[in-house]
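The values are calculated or read from the model by the stated rules, or taken from the named source; none is laboratory data. These numbers come from a predicted model, not from an experiment. So basically every Cβ, Gly included, is an ideal-geometry build from the backbone, and we count neighbours across all protein chains shown. What goes into the accessible areas is simple: the full protein's heavy atoms, side chains included, and nothing from ligands, DNA or RNA. Shrake-Rupley method; radii C 1.70, N 1.55, O 1.52, S 1.80 Å.
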Amino acid sequence: EQLNQCLPRHWSHQNPIDIIGDAGPERYAKAVEIAARDKNSDGLLVILTPQGMTSPTEIAQKLTPFAHLAGKPLLASWMGGDQVAEGERILNQAKIPTFPYPDTAARAFEYMWRYSYNLRGLYETPTHAGDVSATAREKAAVMIKDVREQQRTILTEFESKRLLTEYGIPTVRTLLADSEEQAVQIAGEIGYPVVLKLNSRTITHKTEVGGVKLNLADESAVRIAYLGIQKAGAEHFQGVTVQPMVRAEGYEIILGSSVDPQFGPVLLFGAGGQLVEVFRDRALGLPPLNTTLARRMMERTRIFTALQGVRGRKPVDLAALEELVVRFSQLVADQLAIQEIDINPLLVSADGFLALDARVVVHPPGVDLPRLAIVPYPSQYTKTCAMKDGSAITIRPIRPEDEAGMVKFHEALSDQSVHSRYFHLVNLGQRVAHDRLARTCFIDYDREMALVAERPNAGIIGVGRLTKQHGGSEAEFAVIVSDRFQGCGLGTELLRGLIDVARCEGVTRVVGDILSENRGMQRVCQKTGFRLHFDRDEGAVKAEIDLSA
């Protein structure tokens, strides 16, 4: 209605807003003003083509006041070469980007959206998907080590599914049979119909050699299938696996990983099944993931729309699927000896998830294992210790999902504690702002470390931070403890934890600045081996420790 009042009655009445070829500077400016006020628009592209009644230079001048719209980028496409050059200059001087063609500007919008989308994904607060136990990790590592020591690079399907089970990924029941009679016996125990698959230490794609027989309804079918697989597998035949025939009343997904020469292990999520190479509906990500990053990866596929429920089908439990993808990423991040792994298909439905087939290829012995592009959560720095009163606390590296706990921690700090930590007062609103806490909780563990101290029923009660100098071997520390727990030995334990991290990470010198009146922190530093001296330029006490010895 607002546009109707300022535009000719035969304007486009849709997006793009065609303000008609005789539009002058005032009409351009009014249309931009109205569109900018629309809460449903996130950005504007103004297009001009020189015509008899067009004034590119005057129109550009009228648009300069819109150069800094709150939260809405304004782009311009001034087409016409030399005829519009002065208008382009005016727009660029006002910091309004100009493009020679509208499609180039549209591509710029796409890049801007993709960048902000990825950034929001990094700084959203994820939920904790739960840790894989150290026992499970060790069992998986031993399994892979045994395969490599046997000079093998391929895990059998049975071994692959055992590996997935250790990481909490549900698999279809799979039993081994090394004779025709045993296959018949197991099929009877499982219940018909069943599936027989080639069990081989050298063949990974069983369907390509006729090594998969589906929907076997009776004993006779099992015997025929066994002999057929035995013949097809020839010298690669080591028996068969027998599985129940699962009716695919869900969606077939592929979860996989392979090693990129530059980025190391890379994750894949997408539509699976036999036609995976035909549809090529997939998204890539870098391990390790959290639930937010897992959701972002899933959202980039077309199959994600179907997972939310279509044509009367119930939606998949997306939160549970996120957690499964996170556990898979943990498997890839933990077991760097894995060269390739894929679960195809992973059957997903409203009733749950089930890995129907899995393939794992490992690096041969003697090969340098790849490095992860993103350092995984350093659980090795988690420890339990006791405060002076004997109560147990846990000190561990910070996680992105600690944001809510950090809000409560800051709410309990006094102004004096805040001043001692930051050297000036920072109000609570600033300290608990999402953008700030997201950056302090979601860290690059290769560049910095933050340790949080937790006490049962009290949450986070202390934080220690260690920041490396880029390209150097020096790091700066900072420690803050909740007022209620000061004087209980917590600051000492946090600082000792930071020193342990520094040694393990190759840091040779740790320094920190302390207010001259902060006697408590100075005593903690002396207790842990730091040397103190007064820095006249900074007006504070400088603490430093040499770890090179």
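Worth a mention:
- Protein heavy-atom accessible surface, 1.4 Å probe, per residue over the chain: 51 Å².
- Accessible area in the full protein assembly, largest first, 1.4 Å probe, for 424, 236: 424, 236
- Alpha carbon centroid spacing (whole Å) that separates region 455-520 from region 399-453: 13
- Only Cα sites of region 257-358 enter the Debye sum here, all with the same form factor; the resulting log10 I(q)/I(0) across q = 0.14, 0.16, 0.20 1/Å is -0.52, -0.69, -1.09, listed in q order.
- For residue 352, the shell of other residues with beta-carbons less than 15 Å away shows a net charge of -1, using +1 for Lys and Arg and -1 for Asp and Glu.
- 28 Å Cα-Cα reach of residue 213 towards lysines, excluding residues that sit fewer than 8 places from it in its own chain: 161, 197, 231
- Semi-axis lengths (Å, descending) of the ellipsoid that matches the C-alpha gyration tensor of region 76-187: 62, 19, 14
- Region 329-338 - phi-based ³J(HN,Hα) in whole Hz, Karplus 6.51/-1.76/1.60, Gly and Pro as x: 5, 5, 4, 5, 6, 6, 9, 6, 6, 6
- When the P(r) of region 321-383 is calculated, the portion above 17 Å amounts to 54% of the C-alpha pairs.
- Spatial extent of region 1-142: Rg and Dmax, with the Cα atoms as the point set, Å: 22.3, 78
- Here region 144-223 yields Rg over Rh of 1.00, to two decimals, using C-alpha coordinates and the Kirkwood radius.
- Distant-in-sequence amide contacts of residue 154, defined by a placed amide H-H separation under 5 Å and a gap of 5 or more residues or a different chain, comprise 362.
- For region 43-124, the spread of Cα positions along each principal axis, largest first, Å: 50, 24, 17
- Sorting 38, 178 by accessible area puts them as 178, 38; the probe is 1.4 Å, largest comes first, and only protein heavy atoms count.
- Across all directions, the average flat footprint of the convex hull enclosing the Cα atoms of region 1-62 is 4.2 nm².
- Region 367-485: C-alpha pair distances exceeding 25 Å, %: 27
- Region 203-334 pair-distance distribution - Cα-Cα, 10 Å bins, rounded %: 11, 31, 28, 23, 7, 0
- Pairs beyond 29 Å (Cα-Cα), from 39/314; 39/95; 72/408; 206/314; 139/388: 39/314; 72/408; 206/314; 139/388
- Bridges between two residues of the chain, per DSSP, are antiparallel at a rate of about 90%.
- When volume of the Cα convex hull per residue in Å³ is computed from the coordinates, the matching label among (1) 166; (2) 244; (3) 153 is (2).
- Within the accessible area of the chain, the carbon and sulfur atoms contribute 49%, probe 1.4 Å, all protein chains present.
- Centre separation in Å (Cα based) which lies between region 321-390 and region 276-311: 18
- Mean Cβ neighbour count within 10 Å, used as a protection proxy, ranking 204-210, 344-350 highest first: 344-350, 204-210
- Once the mean of 1/r is taken over each pair of separate Cα atoms and inverted, region 245-302 shows a Kirkwood hydrodynamic radius of 12.4 Å.
- Taking the inverse of the mean 1/r over every pair of distinct Cα atoms in region 413-542 gives a Kirkwood hydrodynamic radius of 15.5 Å.
- Sorting 477, 534 by accessible area puts them as 534, 477; the probe is 1.4 Å, largest comes first, and only protein heavy atoms count.
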